[in-house]
There are 2 protein chains.
Amino acid sequence: MNTNPSEFSSNRSTALLTDKYELTMLQAALADGSAERPSTFEVFSRRLPNERRYGVVAGTARVLKAIRDFVFTEEQLADLDFLDDRTLEYLRNYRFTGQVDGYREGEIYFPQSPLLTVRGTFAECVILETVILSIMNADSAVASAAARMVTAADGRPIIEMGSRRTHEYSAVTASRAAYLAGFSTTSNLEAAYRYGIPASGTSAHAWTLLHINDDGTPNEAAAFKAQVESLGVDTTLLVDTYDITQGVATAIEVAGPDLGGVRIDSGDLGVLARKVRKQLDDLNAHNTKIVVSSDLDEFAIAGLRGEPVDVFGVGTSVVTGSGAPTAGLVYKIVEVAGHPVAKRSRNKESYGGGKKAVRTHRKSGTAIEEIVYPFNAEAPDTGKLDTLSLTIPLMRDGEIVPGLPTLEDSRAYLAKQLVSLPWEGLALSRDEPVLHTRFVGFPPVA
Amino acid sequence: MNTNPSEFSSNRSTALLTDKYELTMLQAALADGSAERPSTFEVFSRRLPNERRYGVVAGTARVLKAIRDFVFTEEQLADLDFLDDRTLEYLRNYRFTGQVDGYREGEIYFPQSPLLTVRGTFAECVILETVILSIMNADSAVASAAARMVTAADGRPIIEMGSRRTHEYSAVTASRAAYLAGFSTTSNLEAAYRYGIPASGTSAHAWTLLHINDDGTPNEAAAFKAQVESLGVDTTLLVDTYDITQGVATAIEVAGPDLGGVRIDSGDLGVLARKVRKQLDDLNAHNTKIVVSSDLDEFAIAGLRGEPVDVFGVGTSVVTGSGAPTAGLVYKIVEVAGHPVAKRSRNKESYGGGKKAVRTHRKSGTAIEEIVYPFNAEAPDTGKLDTLSLTIPLMRDGEIVPGLPTLEDSRAYLAKQLVSLPWEGLALSRDEPVLHTRFVGFPPVA
């Protein structure tokens, strides 16, 4: 496993993963003296995409590293020739020295949940906008989709195998987000290396097609034999390159009834799974698992719940957020020098002021609502209700708070939180957010 | 501009941007002697997403660099403890030494167009699958969506400003793909640094909200004044933080009638653009441009074609491929030791054998069809038709062919090719691919 502290390379600054206007605003702010105003920025969503019932926070740990690595090299500064000297000098010395609080990675969220609160001078906070949002929007989109697939799979393992369907580095962090959400393994070796996620895989059609006789005719048995000899009888053979029934027969003939699994990657997966299960059982291969893949999403997985499928392989849909490739999170200034501020255009209203949140639960453990309250106020009195603090310290004076949850911790945390949702929250159909977010203690913005 | 030869860092190997099964197939192939079989792999699409009428090839130049950088470090090899010693030794010495041919970056394509043909031993070709597809699927998805937006904008410039809505590195390459497709500038500074794309930007609502009086009341004029003083009167002021009409009045009051532009980021953009244009003209600010943004996609842009909008700012929709975040390209083995091979499961049929393609045109310049023919055959006789060779050499014996098109070349090339499409090809509505791909000279696969 990679012990390199930085996200994608040892010498990788994140400082140019930034929109130009952030640096030009910085320049104007340094010039008019507003750069040093104490400011609070907040990451939140206005709505959940595709009328889903909850979202999953992901990317937080990556955001904290990206903030720490947000330092400008001389080579980068040389490229920023549209800035004046004062601004370049500011950037040369830039280190974020402020405070970050927010939801744990793996927390569930709803519209208006204050997912991340960044406090510092305007100057040091405003230039982090793009990199914070890029990471949280990408990772939360994948985790939110993946969590629904995990629910649909109802305990059966899911392999993440979508690397080829998304940007080469997006693939790596999508693996991470899917694992966070409960996927069991990934095909992506960089994700295994970087994050310690268990990797798995079967074989491709190319493997079977490679094995032809001298006259060019197929020799599926040779492909299966070589795979079993090299990888052991516990391997999974891909049986749908030619005829599936023949493929299954050949697989068991070659590997014997202790074959680990067969994969079906095309056709009507439910019908085929039943047919193949019967064939395997008739061949005494009762423990040979059936792995299915081929454009599966949460709905297709749910549709296969009653079929004899042992493992799901999911690609495109999970890495593209299953119809919602971005979480739609925004990073907005909510407080300046102690005053709440908010844009007042229609359709984009938001509450001013820094915020924290708690979630209340019934004695049964079922969540009731989120209560959002002013950042510097006491937590609201929730009586005898079981109350979970959703906002935790993440960064203090520019340093990542020690002892934050690991990826495994966050994965376990999410699994636990999902159980706390009212039952309708786990349904796949479109609806309103399953929990309401209630604001307590905020004066209305004038 | 960055002169670093590698894609995302000086010491960045692409070798683990790979699915595990590629390396286990490699191990089995080394064991049974099939690793050295001469093989041909092909990148193509089975269909165009969302019933679009054409696709745009993007990412080719990035793919070639990724192949060149596909070398394993000792640290990476140490993590691949599931492989046997022979396989690790093969990877330790791995350099791609084969041939790559394909469509130019910026070429338009259709289902079954042979976009990339990779020839070499099975071993050296099979392990490149994931990284090739990741890059081409991501970049082509963005370029294909962006090209439609450029058509819709009908000559008016489009700023790419979607970095915050996608993975932090996907943002950089999305900028590149959008620029390739005809976007005029990007907000992303890493894209400017890495690829020399012109960067631009306006300002955020946070900038206006930062400027409050001591009692917390808004002071939009102070924000505008500071921006104009720092960035010049040619800057673009964001006028919709509070009341737009007041915002425009304040903007011209502060900056005078030579103000570069105003940006509107919310509301009914068509209605507002007309209203603001009239207000600006009444204030004698005839040259002040109107920039609009706010969830624009190709359809929204087309809907604003009749309005007095000067510049479009596009974010989410372009970086997420406007409903098609992946191009759906596949990498399939098509030839082994001179024999065409193809999977024969239903719904996934493909022609065996390596391929090249030409496109024919009428005297008017309008394209007629693509003709695909066997890789080693003579180009088909197209009589007196103007005929464009679509397949060009990209890599020879593992080296990138010198003199390949630059990003600017590819951008100009695409603009020219789009003009050659039959007129219905540029319509935004769903339909069949506008050109047919005809196969000539292939024996039917048994």
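Structural remarks
- Residue tally, condition of a type in the set (D, E, K, R), facing another protein chain (nearest Cβ under 7 Å) and either over 18 Å from B:Q76 (Cα atoms) or touching a Cys at 6+ places or on another chain (Cβ under 7 Å) (or both), over the range B:16-39: 2
- One residue from A:V291, A:V314 being hydrophobic (A, V, I, L, M, F, W, C), closer than 24 Å to A:I108 by Cα and not assigned by TED's automatic domain parsing to the domain that holds A:L48: A:V314
- Criterion (farther than 30 Å from B:A152 by Cβ and touching a His at 6+ places or on another chain (Cβ under 8 Å)) met by exactly one of B:K384, B:K343: B:K343
- On inspection, B:S203 passes the criterion of being within 14 Å of A:A29 (Cβ to Cβ) and part of a loop (DSSP other than H, G, I, E, B).
- From A:V131, A:V126, residue being within 12 Å of chain B (Cβ to nearest Cβ), crowded, with 21+ Cβ neighbours inside 10 Å and more than 21 Å from the chain's Cα centre (by Cα): A:V126
- Some residue of the range A:39-49 being over 25 Å from A:S410 (Cα atoms) and at pLDDT 95 or above: yes
- Residue among B:T185, B:T117 that alone is over 25 Å from B:V372 (Cβ atoms) and more than 8 Å from chain A (Cβ to nearest Cβ): B:T185
- Taking first residues from the range B:51-69 that are part of a helix (DSSP H, G or I) and partners that are acidic (D, E), the Cβ contacts under 7 Å between residues at least 6 apart in sequence or on separate chains come to B:E51/B:D431; B:T60/B:E105; B:A61/B:E105; B:R62/B:E7; B:R62/B:D139; B:K65/B:E7; B:A66/B:E7.
- Of the residues examined, B:V311 is one that is in contact with a Lys or Arg (Cβ under 8 Å, 6 or more places away or on another chain) and among the aliphatic types (A, V, I, L, M).
- For the range B:103-154, the set of residues classified as of a type in the set (S, T, Y) and either touching a Ser or Thr at 6+ places or on another chain (Cβ under 8 Å) or without any contact (Cβ under 8 Å) to a residue 24 or more places away in the chain (or both) consists of B:Y103, B:Y109, B:S113, B:T117, B:T121, B:T130, B:S134, listed by residue number.
- Filtering the range A:299-336 to residues that are among the aromatic types (F, W, Y) and surrounded by 20 or more Cβ atoms within 10 Å (Cβ to Cβ) leaves A:F312, A:Y331.
So that you can scan it fast, the table gives a plain yes or no per residue for (1) under 20 Å from A:E42 (Cα atoms); (2) in contact (Cβ under 8 Å) with a residue 60 or more places away in the chain; (3) of a type in the set (A, V, I, L, M); (4) loosely packed, with under 15 Cβ neighbours inside 10 Å:
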| residue | (1), (2), (3), (4) |
| --- | --- |
| A:A379 | yes, no, yes, yes |
| A:G383 | no, no, no, yes |
| A:P393 | yes, yes, no, yes |
| A:S410 | no, yes, no, no |
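- Flag for A:T241 being touching a His at 6+ places or on another chain (Cβ under 6 Å) and closer than 24 Å to A:L304 by Cα: yes
- Candidates A:T245, A:T250 - the one that is more than 7 Å from chain B (Cβ to nearest Cβ), closer than 21 Å to A:N284 by Cβ, in contact with a Phe, Trp or Tyr (Cβ under 8 Å, 6 or more places away or on another chain) and not in a loop (DSSP other than H, G, I, E, B): A:T250
- Qualifying residues in the range A:412-446 (those that are surrounded by 13 or more Cβ atoms within 10 Å (Cβ to Cβ) and polar (S, T, N, Q)) - the one farthest from the chain's Cα centre (by Cα): A:T437
- Number of the condition not met by B:S266 [criteria: (1) facing chain A (nearest Cβ under 10 Å); (2) more than 18 Å from B:V311 (Cα to Cα); (3) not aliphatic (A, V, I, L, M)]: (2)
- Subset of the range A:182-200 that is touching an Asp or Glu at 6+ places or on another chain (Cβ under 6 Å) and in a loop (DSSP other than H, G, I, E, B) - its residue that is surrounded by the fewest Cβ atoms within 10 Å (Cβ to Cβ): A:S187
- B:L296 passes every criterion in (1) surrounded by fewer than 24 Cβ atoms within 10 Å (Cβ to Cβ); (2) away from every other protein chain (no Cβ under 12 Å); (3) more than 28 Å from A:D84 (Cβ to Cβ) apart from (1).
Residue-by-condition table, conditions (1) of a type outside the set (A, V, I, L, M, F, W, C); (2) assigned by TED's automatic domain parsing to the domain that holds B:T121; (3) at pLDDT 95 or above; (4) touching a helix residue (DSSP H, G or I) at 6+ places or on another chain (Cβ under 8 Å):
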position: B:S9; (1), (2), (3), (4): yes, no, no, no
position: B:A15; (1), (2), (3), (4): no, no, yes, yes
position: B:L30; (1), (2), (3), (4): no, yes, yes, yes
position: B:G33; (1), (2), (3), (4): yes, yes, yes, no
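- Test: A:R411 is touching a Leu at 6+ places or on another chain (Cβ under 6 Å) and within 26 Å of A:A181 (Cα to Cα): yes
- Odd one out for A:R344 among (1) within 14 Å of another protein chain (Cβ to nearest Cβ); (2) under 27 Å from A:G59 (Cβ atoms): (2)
- Only a single item in (1) touching a His at 6+ places or on another chain (Cβ under 9 Å); (2) surrounded by 21 or more Cβ atoms within 10 Å (Cβ to Cβ); (3) farther than 26 Å from B:P374 by Cα is not met by B:Y21, and it is number (1).
- Residue selected from the range A:193-213 under the condition within 7 Å of chain B (Cβ to nearest Cβ) and among the aliphatic types (A, V, I, L, M), by the criterion nearest to A:A177 (Cα to Cα): A:A199
- For the range B:17-36, the criterion of being of a type in the set (S, T, Y) and not in a helix (DSSP H, G or I) is met by at least one residue.
- Note on the range A:83-181: enclosed helices (runs of 4 or more DSSP H) holding 1 or more residues that are closer than 30 Å to A:L388 by Cα and assigned by TED's automatic domain parsing to the domain that holds A:A357 are A:122-126, A:129-153.
The values are calculated or read from the model by the stated rules, or taken from the named source; none is laboratory data. From a predicted model like this one, the values you see are computed outputs, not experimental measurements. In this analysis, Cβ positions are derived from the backbone assuming ideal geometry, glycine residues included, and neighbour counts consider all displayed protein chains.
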